[in-house]
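Nothing in this text is a laboratory measurement; each read-out follows from the coordinates by a stated rule. Predicted model, so just to flag it, every value in this text is computed and none were measured. Here the Cβ is made from the backbone with ideal geometry for all residues, glycine too, and neighbour counts use every protein chain on show.
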Amino acid sequence: MNYNYLIQQNTNEWITAKLGKFSASSASDLLMDTKCEGYKKLIKRIVEERITGKPSESKWIGNKYTDRGHDLEPVAISDFESRTFRKVKLVGLVELNDWCVCSPDGLVGGDTVIQVKNPIFSTQLDYLDDQKIPGDYYKQMQFELYVCGREKNIFYSYHPSLPVVMIETQRDEIMINRIKEALSIAIDTAKTRIKRISA
């Protein structure tokens, strides 16, 4: 795996580096049944980006909630560091291979990743009540552990007007084996479609 500390997330360089690659943010789609619409759209996006060398025309570009998350993420990381006395090291991109990458919100120590969320008030209330990692985020976090080769991932949900939610999860080899198998199938599927189109 290759840790790229020079590239900055959400820049054109970062977007280009991720083109045509499976990433942690699409882990829930990757783990769907292959007949599901979300899975089909994921494969089509990968194929399109590999053929055109450009971001997919159908790629989701975010909304006011993702913009809010980007704005608050440095505040949340600073809050984590002050509460735990643990330093977060930023990394732009971690590449497992030519088909698989992730962009962790930060690295903690030598074996931990942090997943920062900045939800709206009502969602943070739900997280406080549930005290568990939502399913899609759990898949994303295990994907990050697989790509980064690390052992633990911290779910850190921050809202400036509410208590934080901090849940640490260990590397889940059962889930990671599911991810590996799904990646193998998805990569083969994408390669086959690309070959058929390019013939």
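Structure above, values below:
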{"quantity": "Subset of Lys54/Lys139; Lys40/Lys117; Lys54/Lys132; Lys44/Lys89; Lys40/Lys87; Lys87/Lys191 violating a 30 Å alpha-carbon distance limit", "calculated": "Lys54/Lys132; Lys44/Lys89; Lys40/Lys87; Lys87/Lys191"}
{"quantity": "5 angstrom amide H check on Cys100, placed H, neighbours 5+ away", "calculated": "Phe22"}
{"quantity": "q = 0.09, 0.13, 0.14 Å⁻¹: log10 I(q)/I(0) that the Debye formula gives for the chain, counting C-alpha atoms only", "calculated": "-0.35, -0.73, -0.84"}
{"quantity": "Separation between Cα centres of segment 133-176 and segment 1-58, rounded to whole Å", "calculated": "20 Å"}
{"quantity": "Phi to ³J(HN,Hα) by Karplus 6.51 cos²θ - 1.76 cosθ + 1.60 over segment 106-123, Hz, x for Gly, Pro", "calculated": "x, 10, 10, x, x, 9, 10, 10, 10, 10, 9, 10, 10, x, 5, 3, 5, 5"}
{"quantity": "Share, in percent, of DSSP beta bridges within the chain that are antiparallel, nearest 5", "calculated": "70 percent"}
{"quantity": "5 angstrom amide H check on Lys117, placed H, neighbours 5+ away", "calculated": "Tyr156, Ser157, Tyr158"}
{"quantity": "Zone of Arg196's modelled label, taken as backbone nitrogen in segment 9-50 under 19 Å from a point 7 Å along Cα→Cβ", "calculated": "33-50"}
{"quantity": "3J(HN,Hα) from dihedral phi, segment 186-196, Karplus parametrisation 6.51/-1.76/1.60, rounded to Hz, x for glycine, proline", "calculated": "5, 5, 4, 5, 5, 4, 5, 5, 5, 5, 5"}
{"quantity": "Fewest-first ranking of Phe22, Phe121, Phe80, using other Cβ atoms within 10 Å as the exposure measure", "calculated": "Phe121, Phe80, Phe22"}
{"quantity": "Reachable aspartates and glutamates, given that their alpha-carbon falls under 13 Å from the alpha-carbon of Lys41 and they are not under 8 places away in the same chain", "calculated": "Asp29, Asp33, Glu49, Glu57"}
{"quantity": "Highest average packing first - 137-149, 153-165, 83-95, Cβ atoms within 10 Å", "calculated": "137-149, 153-165, 83-95"}
{"quantity": "Other-chain or far-sequence residues with amide H under 5 Å of Gly106's (modelled H)", "calculated": "Ile114"}
{"quantity": "Distance between modelled label sites at Lys35 and Lys132, nm, 7 Å Cα→Cβ extension", "calculated": "2.8 nm"}
{"quantity": "Additional length obtainable on full extension of the chain from Ile185 to Leu90, 0.36 nm per residue less Cα span", "calculated": "31.1 nm"}
{"quantity": "J(HN,Hα) series, segment 95-104, from Karplus relation 6.51 cos²θ - 1.76 cosθ + 1.60, nearest Hz, glycine and proline x", "calculated": "9, 7, 6, 6, 10, 9, 9, 8, 10, x"}
